1. Would you pull out the residues with amide H under 5 Å of A:E6's amide H, same chain only if 5 or more places away, H placed 1.01 Å from N?
2. Which stretch or stretches of region B:113-130 have amide N atoms under 20 Å from the point lying 7 Å from B:S146's Cα along the Cα→Cβ direction?
3. Give the average over all directions of the projected area of the C-alpha convex hull of the protein assembly as shown, one decimal, in nm².
4. Enumerate the amide H contacts of A:V121 below 5 Å, restricted to partners 5 or more residues apart or on another chain; note that Pro and chain-start residues carry no placed amide H.
5. Rounded to whole Å and sorted largest first, list the principal axis extents of the Cα atoms in chain B.
6. Quote the FRET efficiency, to the nearest 0.05, computed for A:Q36 versus A:D207 with a Förster distance R0 of 22 Å and r equal to the Cβ-Cβ distance.
7. Excluding B:Q132 itself, what net charge comes from residues whose Cβ is under 14 Å from its Cβ, given Lys and Arg +1 and Asp and Glu -1?
8. Of all the accessible heavy-atom surface of region A:30-76, with the other protein chains kept in place and a 1.4 Å probe, what percent is carbon and sulfur?
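The values are calculated or read from the model by the stated rules, or taken from the named source; none is laboratory data. Quick caveat, the model's predicted, so the values are computed rather than measured. Glycine also receives a Cβ, built like all others from the backbone with ideal geometry; neighbour counts cover every protein chain displayed. For the accessible areas, the whole protein counts, side chains as well, though only heavy atoms, and no ligand, DNA or RNA atoms are used. Shrake-Rupley method; radii C 1.70, N 1.55, O 1.52, S 1.80 Å.
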Number of protein chains: 2
Amino acid sequence: MITLWELKGKDGRRYSMFSWRTKMALKHKGLDFESQPVLMSDKAAIAFSGGKTVPIVRDGERVVRDSWQIAEYLEDRYADRPSLFGGAIGRGMAQAFNTWADRTLLALLMPVIVADLYERVDPGDDAYFRRQFEGFLQSTLEEARSRRAEFAKRLDRQLEAWQAVLKRQPFVCGAAPAYGDYILFSLFQWARIASPQDIIAAGTPLDQWRGRMLELYDGFARNVPTA
Amino acid sequence: MITLWELKGKDGRRYSMFSWRTKMALKHKGLDFESQPVLMSDKAAIAFSGGKTVPIVRDGERVVRDSWQIAEYLEDRYADRPSLFGGAIGRGMAQAFNTWADRTLLALLMPVIVADLYERVDPGDDAYFRRQFEGFLQSTLEEARSRRAEFAKRLDRQLEAWQAVLKRQPFVCGAAPAYGDYILFSLFQWARIASPQDIIAAGTPLDQWRGRMLELYDGFARNVPTA
């Protein structure tokens, strides 16, 4: 059995964006896992991993941290299961997309939902979360909330290209979902758990794709506590 | 022998961005081809293709147009040669990247270089080019030039993520170049042929990657008339 460490939010919410990449990858590989929710501020609980962030996966004796490292580990260790990357070129492109998404989309999405997310983290993380995210944002959470409409517009402009991508093919990775889809999905799943706002307009190609992603693996990502 | 129709610029310049995707794909597959330069305004010369844009490829009896369609054609027809996509997942991700790049990067790059490019098109295309690109830009070429510094800054912000990607791995597609690299490269090759400005800072990961791309296939893309 594989154990996954991920963030613990209020009322059973599991909001760690990077952990969603790992959870979808585990499902893709057909691997069972047990979740270990931890506070974002509780670094002692994950010190065994040698790092300070989740996700962390323990598979027998092996401990792997960082969602990208975990994806590569799962692909190589479970090479006989459905592929996350489809070979060397697909792996390279997925790594490129992973880096791009974290630098571009995540940076655009964070200010839109962060104040809502703050209300849904475990109360034990209140102070830590505020300090951490106000550092990322270079502003207070309240300032981010007051400028939300402007940030949402900027995000929307970047999402236009993804609307076009998903109008052209059903998944980021073509006819069927793979790790590239889990990267993009993790952002929207994070938003879905963090915030009552819907950042994707209903009926658009991106919305329809998200619907397909939520159906995967018996509605695995749909049937979780959300905002 | 394969024939490729591409745009004819001043003094032997071959500036069609999409045709560079096709030329690099042909080289990747190890296929010889003969270039047929045409004016952008000369729609009669390419009417046989059923479309109004280059690139067009004729391979024996078969005519294929649109750089993405050509890439898929080459991959399927020459399946025994080095792969452009590395399988279904890589093909899906490449198509996603292709759509994204045209909607995002191309739109950011065009206003930075378009006034310079105008000076390097075939004189026979002057009026057509101005009409066409002033339509895309929703401004005159002169207005675009006067706001160049602002556009360059906006482009640079989007390129930061690609600097991070190429710091992490030598090519967009991982350890070796493939179609994802040709997509990104086509934009910078277009800029290199169109404009004396260097839109990539020397010594950066993106600059080093471009250097590797220019070396491929005996310096195929390096040894051409540029701005």
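1. Result for A:E6 returns A:Q36, A:V38.
2. Residues B:113-119, B:130 qualify, since their backbone N sits under 20 Å from the label point.
3. Values: hull surface 92.1 nm².
Seen from a random direction, the Cα hull of the protein assembly as shown projects 23.0 nm² on average.
4. A:K10
5. In descending order, the Cα extents are 50, 46, 29 Å.
6. Working: r = 32 Å, r/R0 = 1.47.
Using R0 = 22 Å, I get an efficiency of 0.10.
7. Values: positive: B:K43, B:K52, B:R130, B:R131; negative: B:D42, B:D122, B:D125, B:D126, B:E134.
With Lys, Arg at +1 and Asp, Glu at -1, the net is -1.
8. On the way: 990 of 2340 Å².
Carbon and sulfur: 42 percent of the exposed surface of region A:30-76.
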